[in-house]
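Working notes, structure below.
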Amino acid sequence: MEEKSTPITRNIDLSATSKTRFSINNDPDRVIFLNLSDMTILTRLADLEPRLKELLQQAQDIIAKIPDEEDVKTVAKFGEALIEIDKQMRGFMDDIFQAPVSQACAPEGTMYDLFNGSFRFEYIIEALLGLYTESITKEYQALKDKSSKYTTKYSKKSSKK
């Protein structure tokens, strides 16, 4: 009886392409993984940011219509609409970053809460986009340095002729 040999499995290390792990406010329970090399994030942001702003306007319109009297049923109706808007905004935030950032970055409150003159969703986008900008700038510089190493070598050869 002939024994079948198990083929050798070789590993391919693509860990450099893995998402980067971040904790929010040093809280080990609030963690996100982001692909800081994602070249299409600005496309998603350009597509979804206007939709976030439309939802923000809807939330502001609802808040302006809440009556001063404390009729529980009326207030509950407005509250349900605001909760639904927040859910939609959180979905768009997660879509922009292709990660569940809304829960980690905002475990309480709403995406339209105000902080330092910005709405929460704007504050989060600005903070996270800074990470992408820094990473992509660094990677482009590495690419430029790498390519100049080769182009300089060939430039020297052609200038000697």
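Here, each number is a calculation from the coordinates, and none is a lab measurement. Bear in mind that the values here come from a model prediction, so they are computed numbers and not experimental data. As a convention, Cβ positions derive from the backbone with ideal geometry for all residues, glycine included, and neighbour counts pool all protein chains shown.
Here are some notes:
- Computed extension length for LYS53-THR137: 27.4 nm, one decimal, from 0.36 nm per residue of separation with the Cα-Cα distance subtracted.
- Helix-only [θ]222 nm of the chain, DSSP H runs n ≥ 4, -39500 (n - 2.57) each, per residue, nearest 500: -21000 deg cm²/dmol
- Of the GluC sites (Glu not before Pro) in segment 29-86, those whose Cβ has at most 13 other Cβ within 10 Å and which sit in DSSP loop: GLU69, GLU70
- Centre-to-centre, using Cα atoms only, segment 51-75 and segment 110-125 are separated by 17 Å.
- Label selected from [x] 16.1; [y] 9.8; [z] 21.1, the criterion being mean projected area of the Cα convex hull in nm² as computed here: [z]
- Relative contact order (%) - criterion: Cα under 8 Å, at least six apart; region: segment 37-141: 27 percent
- Residue of LYS53, LYS138, LYS146 that the Gaussian network model of the chain assigns the largest fluctuation, springs spanning Cα pairs under 10 Å: LYS146
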